[in-house]
1. Part of a helix (DSSP H, G or I), within 12 Å of the chain's Cα centre (by Cα) and in the same structural domain as Pro349 (by TED's automatic domain parsing): which single residue out of Ala254, Ala220, Ala244 fits that description?
2. In region 48-70, which residues are out of contact with any Pro (no Cβ under 7 Å at 6 or more places or on another chain), more than 13 Å from Val20 (Cβ to Cβ) and surrounded by fewer than 18 Cβ atoms within 10 Å (Cβ to Cβ)?
3. Which residues, counting only those in region 348-377, are polar (S, T, N, Q), in a loop (DSSP other than H, G, I, E, B) and either outside the structural domain of Ile243 (by TED's automatic domain parsing) or under 30 Å from Gly294 (Cβ atoms) (or both)?
4. Scan region 338-364 for residues that are surrounded by 17 or more Cβ atoms within 10 Å (Cβ to Cβ), at pLDDT below 95 and aliphatic (A, V, I, L, M) and jot them down.
5. Scan region 45-73 for residues that are under 16 Å from Arg114 (Cα atoms) and either out of contact with any helix residue (DSSP H, G or I) (no Cβ under 8 Å at 6 or more places or on another chain) or among the charged types (D, E, K, R) (or both) and report the count.
6. Would region 316-336 turn up any residue that is in contact with a Lys or Arg (Cβ under 7 Å, 6 or more places away or on another chain) and not in a helix (DSSP H, G or I)?
7. Within region 1-93, considering only strands (runs of 3 or more DSSP E) that don't extend past its boundaries, which have at least 1 residues that are within 23 Å of Arg342 (Cβ to Cβ), hydroxyl-bearing (Ser, Thr, Tyr) and touching a residue at least 60 places away in the same chain (Cβ under 8 Å)?
8. Yes or no: Ala500 under 21 Å from Ser351 (Cβ atoms), small (Gly, Ala, Ser) and modelled with pLDDT of 95 or more?
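The values are calculated or read from the model by the stated rules, or taken from the named source; none is laboratory data. Owing to the predicted nature of the structure, the values given are computational and were not obtained by experimental measurement. Methodologically, a virtual Cβ is constructed for each residue, glycine included, from the backbone with ideal geometry; neighbour enumeration extends over all protein chains shown.
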Amino acid sequence: MQVLSYMRGGYEGNIVNVEVDLRRGIPGIDIVGLPDNAVREAKQRVRVALRNSGFQVPKERILINLAPGGVRKEGPAFDLPIAGALLSAASQVKAGDGWRVLFIGELELSGAVRGVPGVLAAVSNAVDYGADYCFVPQENGAEARSAGGERVVTLSHLRELPALFTLLLHKRGLPQEKVSLLETRQSSIREFKNGEGLSKPDFADMVGQRRLKRASMVAAAGSHHLLLFGPPGVGKTMTGLRIAGLLPELSRQASLELSRIYSLAGILPRGLGLIRRPPLRVPHHGASREGMIGGGSYAEPGEISLAHRGVLFLDELSSFSVNILQALRGPLESGSVQIARRASHYWYPASFQLVAAMNPCPCGKMGLASGSCMCSPMEIHQYWKKIGGALMDRIEMRLPVDQQEAPLAQSGLRDRARQQKEQGERPLEGTRQMAEKVSAAVERQKRRFYPEVEKRNRDMNITELHKYCHLDEKERELYHENMRALGLSSRAGNSVLKIARTIADLDGEKSIGERHLDEAFFYRRYGEQDYYWRSV
């Protein structure tokens, strides 16, 4: 039996072969293959766990090799593979000839098996490597089954290994009632939906702000990056916390990608399977660069990867450090992040939608009817300059948010809805109604870009832009006229076309019309040559 394990390292990681050699000599265990202290300590945990589980520790000199030798092995997840390889070498468990078996898990001194991070990634890699079975801790069973299916075998204690191997060897010839003993060890897959059982923020909580809601739908439908700026208390943060609710559920492939990232980070809820809802990440402005971009001793994913296929909301954008803001440019462009180390390079997917909110000036009072702004032009210039032109250029939609009436209590919402009905106004539009329109627009994009079902209008290349954003002569004249008037660059012009295509998709139109272009230019006009305070 070939025993496999897994070492975390970026999105992919490394499959590790665990080899055991028993030879004459003074009894003891030696581990080679660049182990860290946690792996070296495994020989003590494994020895005691084997004895407490009813196994005999071989009295020979034991050499354990973790290959490839050039990859550093870290963490306690090698306890179970070392124990499995040792039992196989001592013939205390019997597996099929030529089997490749993945083991991953931490051992307690009693022999109980503890869950570890990265199991979903380990099983995915093992399946690609050709593993016949994957033995994982019972608490990691759901995520493992989502990637390995029937190849996954869960266990809660080391003493279960001989019986599980016996069942696997004779599974085909056993009566169904005995096979079910093995099947009950498998954890059922339960899909995790963000905020399960909790009251979710709803756009119906926002009174007025129809333009803001419309921009939110456009951004969500095309996965366009969005900047909201305006005085405090006008609904910027409320919007940022609600946009993820407009996104449709993830496809299975996207769910596997996201769940794998969360598993590697060790934050995938135990006992649950795939994450099916797009994530919303709201990091604090004091977050470190490693926390945002990724890094650390295990090259762990950062917030931008945890927001993969979802929304990264940066509230008070100008409060984030310049290093973090400028580090966002690459991932926004490529959809992935590279983490360089002295001896290796790692990567993670990071295809997220950026939603940012900020005040128009350092004091936040510019644009308020009551109160006066005391910021000097230089202070305001420095405030906006911190964002940087390169990052701003990658944010397609920029929306000034004006002050509206204050949100009403629940009874007030009912009164307002009744007044709207009496006056013939449109009723309050909530997240569910908005999400239905966004979902219809996304379905049109899925058909357009099939088989790339995760692709959105934001991701169109130049060839696709010419193919799907064709303008008639009248619309083309309007487009070039606005481009000259606003002094937009080619990149900005392409963004306008992508936004116009999304607006047309929301309206159910096959071609881009004048009103679609007008709305798209409105979202792009701010922040190019003049800032907000010069444009109002």
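1. Working: Ala220 fails: within 12 Å of the chain's Cα centre (by Cα); Ala244 fails: within 12 Å of the chain's Cα centre (by Cα).
Going through Ala254, Ala220, Ala244 in turn, the sole match is Ala254.
2. Within region 48-70, Val48, Arg51, Asn52, Gly54, Gln56, Pro68, Gly69, Gly70 qualify.
3. Listed by number, the residues that qualify are Ser351, Asn359.
4. Matches in region 338-364: Ile339, Met358.
5. To start, the set of residues in region 45-73 that are under 16 Å from Arg114 (Cα atoms) comprises 45-46, 48-50, 52-53.
After this cut, where a residue has to be either out of contact with any helix residue (DSSP H, G or I) (no Cβ under 8 Å at 6 or more places or on another chain) or among the charged types (D, E, K, R) (or both) as well, the list is 45, 48, 52.
Within region 45-73, residues that are under 16 Å from Arg114 (Cα atoms) and either out of contact with any helix residue (DSSP H, G or I) (no Cβ under 8 Å at 6 or more places or on another chain) or among the charged types (D, E, K, R) (or both) number 3.
6. There is no residue in region 316-336 that is in contact with a Lys or Arg (Cβ under 7 Å, 6 or more places away or on another chain) and not in a helix (DSSP H, G or I).
7. On the way: elements: 2-7, 14-23, 28-32, 61-67.
By residue number, 2-7.
8. Numbers: under 21 Å from Ser351 (Cβ atoms): no; small (Gly, Ala, Ser): yes; modelled with pLDDT of 95 or more: yes.
It is false that Ala500 is under 21 Å from Ser351 (Cβ atoms), small (Gly, Ala, Ser) and modelled with pLDDT of 95 or more.
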